[in-house]
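Structure, as structure tokens:
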């Protein structure tokens, strides 16, 4: 959860840096899990920007979340190379397995599934990324491993 | 002591390289063997990954694809001596896929330890910079121009001319920006270099900085590449500690999931801390780029190739290739393909040689039906165009592009109407919103294709899509809106039978 003192400390670390907004937003998201609405006026004030400008940047980039995600984040690639290996039906099966739609979080708050357009693993398609770890050659069996990895014990 | 090399490339990790490394470590210590594991980049033969190599008196011997469960039998077969085993491939350089390549940009990738500056130097690193300092700034620009090197991001603009423009523009500060926002599906050359040979990027940028008079550089890496970001940051830290970056300051900036930020002016906006919206040109970034200063924006492969050009001579590089496409191109063979991987070769191979010959056809074993070259904005080529040579002008002459060198193979189960629809959908998702044809046209395009798929006034709606594509092509500032017509129109032109079928198999399922 957002904590102003901690947020201020993150912003301070980037003081004097040219073009500091994206690095600050990345750090805020890495710390709090999302970019809280409360952080926007604080960042705007520190960088001498309007709140609208900061909001415009946060909402432009797909990466920035405006609400907390699940404990795990699974990114499934939906780009052409993965499509060519039937990644779309596999992705649909994963979504169905967890009962969510794209961008959704499971009811127990354990997993968020997001679409991504290319992870650069295109010779090992279909590809995914679980909490930053790359997974290639996805198939029914690897999906089951993945399920075991994220389900609470 | 025996050294065993295991790739740390994200593509190898994605298929279990870390588990293999752990298993080999455990097994070697259980047997009391004196073995050192070295994590390298990938050689780029992804169907053989994880491919490990062991150092023997006769040279390196490769095994693959290895799983963690193979560790015991590998050591039983005396892996440390290159012993016989069903997974033993032999010398990597004898594998036809590698043997047929001309590796210049990727000469060290998969061989060296990407964290070791000494390894980099031992394999020819920093010879290019030494030569640059000998021949002076105009000499460097002359050499890069004479090499015929063109932008490997896709636009193919002559690198030497770009550098000359920045060098001749007076300013208090200048910048070198390395574009590592490699968003095209089917491409991973930038990622492989960053994970396998990051010092070549640092050296290339240092040379560029010297040539144009810039003292600061930024490497803009997409956030989808966490491994590459770590690897690049580590290499910069090593270079700083060892005094290689005393006169040139380098910083990694991380993207935030926007495809259009791969467009150079959107990328500059993003580094400056704004929405990744495309700027109108002129002014060119070479005159007014980052923070309003003259800026060289080059693709990562372009910059990583510069050291080799200077070290071995412009003539050597320019002697390779065809027509106005000089030197080599790292072709990334991806998707539904049997032998997927990175193949660096002089320009001029035909698409058929790449897909059927080198790639070995589809992974599914079904016939190849379509190939998308150059990422999501590249055209879909049917087998009838397989005689097209891999060359900037030859592809443009057939209403396609080579882009960043990605080749995505599809078998005969592909539905080309769905692919055309996806191209427009992707354009809509990723549009920066600046140009109306791209922002709104993409959405209307998806709706129109949906009508065609539903069999609603097929011919009238196809004419409408064509008209819309004309508007996108001529009414957009950048390649996102301007080139989305390539995949759409090529799908319609070469695969008309897929448009207006009463029902899609997937929709019926």
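Antiparallel versus total DSSP beta bridges in chain B: what percent is that, nearest 5?
Details: 28 of 55 bridges.
Once the DSSP bridges in chain B are tallied, antiparallel ones form about 50 percent.
Counting DSSP beta bridges in chain A, what percent are antiparallel, to the nearest 5? If you can, show how the numbers build up before the last one.
Values: 7 of 13 bridges.
Of all bridge pairs located within chain A, approximately 55 percent are antiparallel.
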**Fill in**
With a ≥ b ≥ c from the Cα gyration tensor eigenvalues, square-rooted, and the rule rounded for a/c under 1.5, otherwise prolate when a/b > b/c and oblate otherwise, region B:382-434 is oblate
**Complete:** For residue B:493, placing the label point 7 angstrom along Cα-to-beta-carbon and taking region B:390-418, residues whose amide nitrogen sits under 14 Å are B:394-402
**Rel. contact order, % - alpha carbon contacts under 8 angstrom, at least six apart, chain A** = 19 percent
**Item:** Globularity ratio of region B:363-509, using Cα Rg and 2.2 N^0.38 Å
**Value:** 1.01
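How would you rank B:80-87, B:211-218, B:234-241, A:138-145, highest first, on the average number of other Cβ atoms within 10 Å across their residues?
Working: B:80-87: 15.4, B:211-218: 22.2, B:234-241: 17.1, A:138-145: 13.9.
Per-residue Cβ counts within 10 Å, averaged per peptide and sorted highest first, yield B:211-218, B:234-241, B:80-87, A:138-145.
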**Among B:180-191, A:29-40, the order from most to least packed when residues are scored by Cβ within 10 Å on average** = B:180-191, A:29-40
**Prompt:** Tell me, how many Å apart are the Cα centres for region B:310-336 and for region B:252-297?
**Reply:** 27 Å
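Which whole-number percentage describes the relative contact order of region B:393-452, with Cα contacts under 8 Å and a sequence gap of 6 or more? Before the final figure, lay out each step's value.
Working: 28 pairs, mean separation 16.7, N = 60.
Here the relative contact order equals 28 percent.
Go through B:329-336, A:110-117 and give me the packing order, highest mean Cβ count within 10 Å leading. Write out the running numbers ahead of the final one.
Values: B:329-336: 28.6, A:110-117: 19.6.
Order by mean packing, descending: B:329-336, A:110-117.
Within the P(r) computed for region B:310-401, what percentage of the Cα pairs occupies the region above 17 Å?
For region B:310-401, the fraction of Cα-Cα distances above 17 Å is 50 percent.
Could you list B:322, B:194, B:232 in order of exposure, starting from the residue whose Cβ has the fewest other Cβ atoms within 10 Å? Don't skip to the end; give the middle numbers.
On the way: B:322 16, B:194 33, B:232 26.
Final ranking by Cβ density, sparse to dense: B:322, B:232, B:194.
Using only C-alpha positions, report the orientation-averaged shadow area of the convex hull of region B:276-349, nm², one decimal.
Seen from a random direction, the Cα hull of region B:276-349 projects 8.0 nm² on average.
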**Fill in**
Computed over chain A, the distribution of all Cα-Cα distances in 5 Å bins, rounded to whole %, is 2, 9, 17, 18, 15, 12, 12, 8, 6, 1, 0
**Asked** Along the three principal axes, how long is the protein assembly as shown when you take its alpha carbons, biggest first, rounded to the nearest angstrom?
**Response** 70, 60, 59
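Count, for each residue of A:81-92, the Cβ atoms from other chains sitting within 10 Å of its Cβ, then give me the mean as a whole number. Could you put the intermediate results ahead of the total?
Details: counts 18, 5, 10, 19, 12, 4, 1, 3, 2, 0, 0, 1.
Per residue, the number of nearby Cβ atoms from other chains is 6 on average.
Of all DSSP beta bridges in the protein assembly as shown, what percent run antiparallel (nearest 5)?
Working: 35 of 68 bridges.
That works out to approximately 50 percent antiparallel.
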**Asked** When the convex hull of the Cα atoms of chain B is projected onto a plane and the area is averaged over all directions, what value comes out in nm²?
**Response** 23.9 nm²
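Express the relative contact order of chain B as a whole percentage, based on alpha carbon pairs under 8 Å and six or more residues apart in sequence.
Values: 1110 pairs, mean separation 68.4, N = 509.
Normalised by residue count, the contact order of chain B is 13 percent.
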**Complete:** Within region B:218-242, the residues whose backbone N lies under 16 Å from a label point placed 7 Å from the Cα of residue A:30 along the Cα-to-Cβ direction are B:219-237
**Prompt:** What's the average, rounded to a whole number, of partner chain beta-carbon atoms within 10 Å of each residue's beta-carbon in B:252-259?
**Reply:** 5
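Based on the Cα atoms of region A:4-60, what semi-axes does the equivalent ellipsoid have, where each is the square root of 5 times one gyration tensor eigenvalue, given in whole Å with the largest first?
Working: eigenvalues 40, 36, 23 Å².
Taking √(5λ) for each eigenvalue gives 14, 13, 11 Å, largest first.
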**Prompt:** Could you give the radius of gyration (one decimal) and Dmax (whole number) of the Cα atoms in region B:128-281, in Å?
**Reply:** 15.2, 42
**Complete:** Here Rg/Rh (Cα, Kirkwood) for region B:63-130 equals 1.09
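How shielded is B:190-198 by partner chains, expressed as the average number of their Cβ atoms within 10 Å of its Cβ atoms?
Working: counts 1, 4, 1, 0, 1, 1, 0, 0, 0.
What the average comes to for B:190-198 is 1.
Only the coordinates and a few stated rules stand behind these numbers; no lab work does. Remember, predicted model here, so these are calculated numbers, not experimental data. Cβ coordinates were reconstructed from backbone atoms using ideal geometry, including for glycine residues, and neighbour counts include every protein chain displayed.
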